[in-house]
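The values are calculated or read from the model by the stated rules, or taken from the named source; none is laboratory data. Nothing here was measured: the structure is a model prediction, and the numbers come from that model. Note: ideal-geometry Cβ built from the backbone for every residue, glycine included; neighbour counts use all protein chains shown. With ligands, DNA and RNA removed, areas are computed over all heavy atoms of the protein, side chains included. Shrake-Rupley method; radii C 1.70, N 1.55, O 1.52, S 1.80 Å.
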Amino acid sequence: KLFKMVFVRVTKSKAYYKRFQVKFRRRREGRTDYRQRKRLCCQAKNKYQSPKYRIVVRFTNRQVICQIVYSLIDGDRVLTSASSNELPRYGLEVGLKNYAAAYCTGLLCARRLLQKVGLDDVYEGNDEVDGNVVSTTVGKTTYYVDEVDEDKRPFRALLDVGCKTTSTGCRIFGALKGAADGGLDIPHSEKRFPGYDRDSKEYDADMHRERIFGGHVGEYMEYLEEEDNTKYQQQFASYLAEDIEADGLEELYEGVHEKIREDPSPSEKNAFTPDKSFKRKAKKTLEERKADVQAKKDIKNAELEEDDDE
């Protein structure tokens, strides 16, 4: 049989590989969305290099982190930050990464920032949490605060979600709502809050309020206690250890919000004192190492001589 050679076009030729340019490292790792970052960081030139602030919300396996960040040409700078690990100071010991904890962390970050820049008395935020979006229009500009002061405009920050999927009811928007109620001017709408129905285009603010005060956690606690008490004892062991019941969650979170507004300042850092009692062993010198080797050889030779005598 005769075999005919088929001509195959080389799509990725040497010229292709010579001109190939790899993507940025953090894009290759899937950690930074540069298309999003460019639009969050680029400032208009007529603003004369005034920074564009972002509220960065990130979730780990154990906590919620909120930061107010602005970018410079040599990297980002963090103006202030808050973590849900600080919430035990305010009376919340458990559930540090759910929707209600995200709200508390956003509120703490906002109040801490406004205290730092001297706007905490001018913009106190929304004390009565009702789940509604607050906005005020001055001229052609919309500010997402109750009232706009004549002398000092509100502190504007843009939400930075990173690579997280922004689905309706996502915990990121809990932190956003907390920061907005804390007095920050963050452009947003109710379309991604819990309680918004995309089909009917209606927003149920009461459902959102219930989520802010941990109502969904309380409902699941009651359901699990009736259906499977063993699983309830296991899953909510930390809640039971703190004597937290489903009926007392709203009161608990109300107390946390009040304490955050009273004192949002960060706790004092403990000075690091290293343990100086531990001391590394000194390295052996060449003569000491040779002596150790010779001692091992002598022991081995002695054993071999004993075997020969036997």
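Mean residue ellipticity at 222 nm, helices only, the chain: -11500 deg cm²/dmol; runs of at least 4 DSSP H residues each add -39,500 (n - 2.57), and the sum is divided by the number of residues. Along the chain, the exposed loop sites are chymotrypsin sites (Phe, Trp or Tyr not before Pro) outside DSSP states H, G, I, E and B with at most 11 other Cβ atoms within 10 Å, and the longest stretch free of them is 49-271. Each of Asn301, Val57, Val256 was scored by the projection of its Cα onto the charge dipole of the chain, and the greatest displacement toward the positive side belongs to Asn301; charges sit on the C-beta of Lys, Arg, Asp and Glu. For the chain, the carbon plus sulfur part of the accessible surface works out to 47%, probe radius 1.4 Å. Amide H contacts under 5 Å for Phe193: Gly169, restricted to partners 5 or more places along the chain or on a different chain, H placed in the peptide plane at 1.01 Å from N. Restriction of the GluC sites (Glu not before Pro) in the range 141-228 to DSSP coil positions whose beta-carbon has at most 14 other beta-carbons within 10 angstrom yields Glu147, Glu150. Taken about its Cα centre, the range 35-142 carries a charge dipole of about 900 debye when Lys and Arg each add +1 at the Cβ and Asp and Glu each add -1 at the Cβ.
Computed over the range 173-227, the convex hull of the alpha-carbon atoms projects to a mean area of 4.8 nm². Summary of the geometry: the range 185-257 and the range 133-177, compared by the centres of their Cα atoms, lie 23 Å apart.
Projecting the Cα positions of Cys104, Leu40, Ala82 onto the charge dipole of the range 1-134 (unit charges on Cβ atoms of Lys, Arg, Asp and Glu, taken about the Cα centre) puts Leu40 furthest along the positive direction. Of all lysines in the structure, those lying under 30 Å Cα to Cα from Lys284, and not within fewer than 8 positions of it along the same chain, are Lys276, Lys296, Lys297, Lys300. Magnitude of the charge dipole for the chain, about its Cα centre and with charges confined to Cβ atoms of Lys, Arg (+1) and Asp, Glu (-1), is about 4440 debye. Once the 1.4 Å probe is applied to the protein heavy atoms, the range 179-235 comes out at 59 Å² accessible per residue. The largest-to-smallest principal axis extents of the Cα set in the range 189-310 are 97, 42, 36 Å.
Normalised by the number of residues in the chain, the average gap of Cα pairs under 8 Å and 6 or more apart makes the relative contact order 16 percent.
Is the range 87-212 best put as rounded, prolate or oblate by its Cα gyration tensor, with a ≥ b ≥ c the root eigenvalues, rounded for a/c under 1.5, and otherwise prolate when a/b is larger than b/c, oblate when not? Since a/c reaches 1.5 but b/c is at least a/b, the shape of the range 87-212 is classed as oblate.
Structure note, pairs Lys52/Lys140; Lys23/Lys97; Lys47/Lys164; Lys52/Lys269; Lys177/Lys201; Lys38/Lys164: Cα-Cα distances above 24 angstrom occur for Lys23/Lys97; Lys47/Lys164; Lys52/Lys269. Phi angles of the range 213-218 translate, via the Karplus equation with coefficients 6.51, -1.76, 1.60 and θ = phi - 60°, into HN-Hα couplings of 9, x, x, 5, 5, x Hz per residue; Gly and Pro are given as x. The range 11-29 and the range 268-288 have Cα centres spaced 47 Å apart.
Assign one of three labels to the range 1-72, namely rounded, prolate or oblate, based on the Cα gyration tensor with a ≥ b ≥ c the square roots of its eigenvalues; rounded applies when a/c is under 1.5, prolate when it is not and a/b is larger than b/c, and oblate otherwise. It is oblate, given that a/c is not under 1.5 and a/b is not larger than b/c.
Remark on the range 266-308: Rg and Dmax equal 23.3, 77 Å (Cα only).
The convex hull drawn around the Cα atoms of the range 154-247, when projected onto a plane and averaged over every direction, covers 8.4 nm². If you line up the long axis of helix 249-262 against the longest principal axis of the chain, both from Cα atoms, how many degrees apart are they, to the nearest 10? The helix 249-262 is inclined about 90 degrees to the chain. For the range 33-124, the list of trypsin sites (Lys or Arg not before Pro) that fall in a loop by DSSP and count at most 12 other C-beta atoms within 10 angstrom reads Arg62.
In this Cβ point-charge picture (+1 for Lys and Arg, -1 for Asp and Glu), the range 209-310 has a dipole of about 1360 debye about its Cα centre. Its Cα gyration tensor gives the chain an equivalent ellipsoid. The semi-axes, each the square root of 5 times an eigenvalue, are 51, 35, 27 Å from largest down. Relative to the longest principal axis of the Cα atoms of the chain, helix 99-117 runs at roughly 80 degrees. Rolled with a 1.4 Å probe across the full set of protein chains, the surface gives Asp149 an accessible area near 60 Å². Please give the length that would be gained between Phe272 and Leu72 if that part of the chain were fully extended, namely 0.36 nm times their separation in residues minus their C-alpha to C-alpha distance (nm, one decimal). Here the segment from Phe272 to Leu72 would lengthen by 69.0 nm.
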